[in-house]
Every structure is written in structure tokens, then in C-alpha cells.
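Remarks on the structure that follows.
Read-outs: derived from the displayed coordinates by stated rules, not from any lab. Small disclaimer: the values here were computed from a predicted structure and weren't measured. A quick note on method: Cβ atoms are made from the backbone with ideal geometry, for glycine too, and the neighbour counts reach across all protein chains shown.
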């Protein structure tokens, strides 16, 4: 164990692989020292596990109606109570975690690479390419995100898939800005020139040498944006524009519980608490990642 | 004797030129952003829907109406020409007819906007009046439990859905404790008692001198504004704290301390003074974001503003109204952001 630690913390690593392992070790050590970041990692980890094992974890079916059990307060049988159709709210929240995770992952998978590529291309080529791409980016950045997402859903039609597309369309500009800024810092450095002299094509330089260096700051930003994405998705669900019934989407569940908020408070309150916990988890995790991976950005949100 | 005067005149002249050049650049960027907004709404309205005419007139319109709208929207012309016509219409305030209200969208927007403006403005007032002192206090006591509490409060601003908070607040403060009035802008029996002059109910009530109406309006306003204020407070407090932390480490602050200034004077006179400029941008941005957030809050509080208008239009597939409201909110958003940029530019000589 001590020899492994010595190997990881060596001042002069013998190989690239040892240096990378050592860096990963140092980063995870720093990360583990930040209690809030660890809490965030645990919350996000639990979300992933719950989403994967939802059918085994949920005590009841998320869509199984039981009208004799409608609007029951939280009890030993139904920990979080039941809704207006007698469905177990805990089971619905557990299954709803799949939808939340799906939205978050899909938005990240669509918008992060899109933003990365646009930003890296703009920064790498410079000149008119840069000017035009960044003008488009700035237009998107200077518009209200939620309203644009609403307008896109209005044109595309309500539904989970369209909600994901609408959110992704409004999320990418921030990543393009970051990728461009990162690219500019090493655009003229010698290793890029070296690769170019070896005859690498522009595609190859951007794909293999520019993009990988932009990834860590993008990951931080994506994680920090997750809370906002979850809130926007829940907002679309609340308006009836996201996932459609009987899907147990958390925002839609709050919307249905709205009519009972005064007497059966748990119907709307419980999914809201789930949203808050998961969003806070992503905030903590993002803050922690930023402190560890990119100390320059601290407090700059 | 003449030389320095001439020199100073020349310098003033070049400053003027630089100033007008900046103004030109700001104007150009603003115009381009606005054009971008129109391009996006044009794209959403004309290119994304399978049949843009149906998106405007609905699927139960007769063939004659359909054909007339087809020509009116210029769909028989090339896309570029369509866009030029679209820009002309929007700039002259013609957003078409709303499918659900049957009135021009522009008239609807003018009718509904004051309610949103009133709520958002009270919200930003709450956010600034509480958020700035909280950020300063947090920075002055960095690391203390007070700082931690303010930090957690700030993070909650990123994690709590506004509509959920509105529901819970209604359940607690209206239904439970009875401290505030419920949804809507005013109690139903006071509705229409004061003449509409500005459209801002509180201002109209003051003009009419009707204190009962004012009280009712305020009691309806306080809850949604406080919720909006909470979300801007979270951001404002966080940013104020980080600006203040920077300033408190500066040498002039130490100098002030050494010269025996009281802690209060050090913090509020010396350290706070330079960050006012940064705060302009922060407050401008939060105000813009808050206008956007008001959409969700308006729905929960049945507030008759743009947000409610927009969502009603969304659910009835009333495309002209949706895009009209989007353009209005987008334009206000751009204007606020640009104004805070310009103010920053004016107040901070270093950025020139």
C-alpha cells in the first residue's frame, strides 16, 4: 500500500501512465477533502443507482392505480403517501428518476459536444470563422433560455423528446464560449505547431489535440448547469409540455398535485423535494469539481 | 499658453470620437442581437412546424382563411424575402392576430406586460435590498456560520423550482397562516375600482388615492415578488460576497484599517465603494433572469401577466401569441443586458 502511494506521489514519474495515475490520485485526494463535494457525488451516485434499479427498488408499480387508496397521507405502507389515482408517490419518484437522468444525460450528450466543436473550431481557425460562429453563439447567449425552450417546444410539440431537444438547443452556447476561450490559450503553442508540421489535418489537430484539452472545463460547466437543466425540464413538465402522463415525471407530478396542495400537501411537495435534493447534489458536485480541476475559476460563476 | 488649451481640446475631441465609436458599437451589437432573436423566432414559427399556416390559424380554419393567411405570411415567396417581411412587421409592431383572444398580439402584450413588470420590479427590489447586505455581511465574516448559512441559501436559489416554491408558499402563508392574499392581482371585489393609467396596480391606486385597493394589491403582490426576489437574492448575494472578498484583500483596505477607520467604515465606505460598478451588471442580469422566471411564478399565482399569456398560448398552439411574447421578453432581456453593459462602461473608466 505504501509503495503504491509512493509510486503515485513520485516527484519524477518514469512514464506518462504513472504521471496520469499520480495526477488522478492527487485530484481525488483533494476532492475527498471537500465534504460538500463528496455529498454531491453521493447524491448523484444514488440518483444513478436508483434509476438503474428502479423496478427492484420501487415498492409498487408507478402507474398502478388503486382508487380505494387515493390521496392517502404518508404512512408505513406508502412512505410518501399516494396521489389522486391511488398511485404510490415513492414508487413514482423512484421511476421518475429515470426520466430525470435521461433528460440530463441526453442534454449533456447533445449540447456539450456541439458547443465544444463550435467553440474549438472558432478558436482554432480564428478570423471570420471565429467572428461568425461567436456572433451566433452570443445571440443565443443573450436570449432568455427558458422562454426560448418554451417557444421551441411550442413549435415541435409537447413531449419528452422535444423537451430534451429544446433544452439542448438553448444549452450549447455556454460550452462554445468555454471551448473557444480554452482553445485560444494554447492555439499558438508549440505542440500544436509541431503536430501541424508533421502534416496533421485540421480535423485531426482539433479532434485529437485541441478538444481533449477543453474537456475538463466543459465537464465542470456541464455539471454546474445540471441543476438549471433539471429545473427547466421540471418546468416544462409542470406546464404539461414535457413528459406526458402517465409517465412519472417530477414536474408533471407537482402540476397534478397543485389542485390538492391545501389539503393533501404531500402530492406536490414530495416530487419537489426530490428535484431540490438532486439539483443541490449537482451544485455541490460541480462546485467541488471546479475547485479541484480548475482553481482559477473559483467564485467566478 | 495656446498649446495646452489646443491639446486639451484635441484630447476632449478624441474622447468624444471614442465615445461615439463605443456608442456605435453598442448600437450595432444590440441591433445584431435583436436581428438574431427575430431570426430564431422566424425559424421557430416558419421552419420548424410542418405547416406554419396551421400553426397560426389552427386546424379548423376554412380553406379561404388558410389561403389568405398563406399569402399574408408570404409563404409563396423565397425564404429571405419572407424574413425581410417578417422583420418589417415586427419592427412596426405587427405580430399578427392571436388565435385565442382574437385581438392583435401587440394589444394583448401591452395589456399584460405591466402586471409582469410590476411583479418583477418588486422582486428585484427585494433581491437587491436583501442580497447586497447579505453578500457584504458574508464576506466580512467569511468562514463563519453566518457565511455558511448565506452560502447554502444562495445554492438553494439554484436548486429549488420556482413553481414548487410558489405552491408551498401559497399553502403556508395564504392557506395556513393567512398572512397574505391568495392568487391573482387583487381581491375580486376591488377589481376595476381604480382607473388604469400606468397599468401598475400599486401606482394606479396611489394616483387614485385609494388606500384600500393599494393594500389589497400589495398583499397580493408580496408573495410572488418575494419568491422572485429570493432567486435574484441568491445570485446577488453570491456575487457581492465574491467581489467583497477581493476588495477586502486589497492594500487600500489595510491602509484604511491602519489609519484607524472603524470596521463599519472600512467595509461600507472603502471596500464597498469600488464594487458598485460590478454590481450594476449583476443586478441587471438578475433583473433580466427574473423577468424570465416570472413566467413560472405567474402560472402558480394566476398572475395576469405575460407569463400566463404565453403559457395559455402555448397550450392552445397559438403561434403568433407565443412568438410575440417570446420577442417581447427577449427584447426586454437584451435591452436590460445592453443597458447594464453601457452603464458599466460609463462608470468604470478602465473598461474604456
Notebook entry, point to check: For the protein assembly as shown, what mean projected area does the convex hull of the alpha carbons give, in nm²?
Noted result: 41.7
Margin query: Starting from 0.36 nm per residue, how many nanometres of slack lie between residue B:179 and residue B:203 once their C-alpha separation is accounted for?
Written below: 6.4 nm
Item checked: Scattering curve values for region B:220-332, log₁₀ I(q)/I(0), Debye with Cα scatterers, q = 0.19 Å⁻¹ -> -0.96
Notebook entry, point to check: Per 10 Å bin from zero, what fraction in whole % of the C-alpha pairs of region B:20-97 is there, up to the bin with the longest pair?
Noted result: 16, 44, 25, 10, 4, 1
Checklist line | chain A pair-distance distribution - Cα-Cα, 10 Å bins, rounded % | finding: 6, 22, 27, 22, 14, 7, 2, 0
Next item on the list: Kindly state, to the nearest 0.05, the FRET efficiency for residue A:293 paired with residue B:76, given R0 = 56 Å and r defined as their beta-carbon distance.
Entry: 0.55
Next item on the list: Could you give the C-alpha radius of gyration of region A:118-207 expressed as a fraction of 2.2 N^0.38 Å, taking N as the number of residues it contains?
Entry: 1.37
Next item on the list: Could you list B:215, B:269 in order of exposure, starting from the residue whose Cβ has the fewest other Cβ atoms within 10 Å?
Entry: B:269, B:215
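If you take each beta carbon of peptide A:135-142 and count the beta carbons of other chains within 10 angstrom, what is the mean?
Working: counts 4, 3, 0, 4, 10, 4, 2, 13.
Averaged over the peptide's residues, the number is 5.
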Notebook entry, point to check: What do you get for Rg/Rh of region B:7-150 when both radii come from the Cα atoms and Rh is the Kirkwood radius?
Noted result: 1.20
Notebook entry, point to check: Using a basic spin-label model with each label point 7 Å from the Cα along Cα→Cβ, how many nm lie between residue B:249 and residue A:6?
Noted result: 3.8
Notebook entry, point to check: Relative contact order (percent) for chain A, with alpha-carbon contacts under 8 angstrom and 6 or more residues of separation?
Noted result: 23
Next item on the list: Return the average number of partner chain Cβ atoms within 10 angstrom of each residue Cβ along peptide A:186-192.
Entry: 0
Note to self: At a 10 Å Cβ-Cβ cut-off, how would you order A:219, A:164, fewest neighbours first?
What the structure shows: A:219, A:164
Next item on the list: Within 10 Å of each Cβ in peptide A:216-228, how many partner chain Cβ atoms are there on average? Round it to a whole number, please.
Entry: 1
Next item on the list: Report, to two decimal places, the Cα Rg of chain B normalised by 2.2 N^0.38 Å (N = number of residues).
Entry: 1.22
Notebook entry, point to check: To the nearest 0.05, how large is the calculated FRET efficiency for residue B:94 and residue B:191 if R₀ is 35 Å and r is the Cβ-Cβ distance?
Noted result: 0.70
Notebook entry, point to check: Relative to the present Cα-Cα distance, how much length would full extension add between residue B:263 and residue B:47 at 0.36 nm per residue of separation?
Noted result: 71.7 nm
Margin query: Under 15 Å from a point placed 7 Å out from the Cα of residue B:152 along the Cα-to-Cβ direction: which residues of region A:265-293 have their backbone N that close?
Written below: A:277, A:280-281, A:284
Margin query: Sequence gap at least 6, Cα distance under 8 Å: using those rules, report the relative contact order of chain B to the nearest whole percent.
Written below: 26
Checklist line | Projected-area mean, region B:157-295, by convex hull of Cα positions, square nanometres | finding: 11.6
Check: Hey, how many Å between the Cα centroid of region A:27-48 and the Cα centroid of region B:195-264?
Finding: 35
Notebook entry, point to check: To the nearest Å, what is the center-to-center distance of region B:88-145 and region A:188-219, using C-alpha atoms only?
Noted result: 44
Checklist line | Degrees, to the nearest 10: B:272-300 long Cα axis against longest axis of chain B | finding: 30
Next item on the list: On a C-alpha basis, how far is the centre of region A:105-149 from the centre of region A:223-257 in Å? Whole number, if you could?
Entry: 25
Check: Using the 10 angstrom Cβ neighbour count as an exposure proxy, how do A:180, B:77, B:21 rank, fewest first?
Finding: B:21, B:77, A:180
Check: Expressed as a rounded percentage, what relative contact order does region B:243-352 have, with Cα pairs under 8 Å and six or more residues apart?
Finding: 26
Notebook entry, point to check: Could you give the nm distance between label points at residue A:260 and residue A:215, where each point is 7 Å from its Cα heading toward the beta carbon?
Noted result: 4.6
Item checked: Virtual spin-label span in nm between residue A:195 and residue A:18, 7 Å along Cα→Cβ -> 2.6
Next item on the list: Quickly estimate the mean residue ellipticity at 222 nm for the protein assembly as shown, helices only: each DSSP H run with n ≥ 4 gives -39500 (n - 2.57), and the total goes over all residues, rounded to 500.
Entry: -24000 deg cm²/dmol
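Can you tell me the FRET efficiency between residue B:85 and residue A:244 if r is taken as the Cβ-Cβ distance and R0 is 30 Å, rounded to the nearest 0.05?
For residue B:85 and residue A:244, the calculated efficiency is 0.25.
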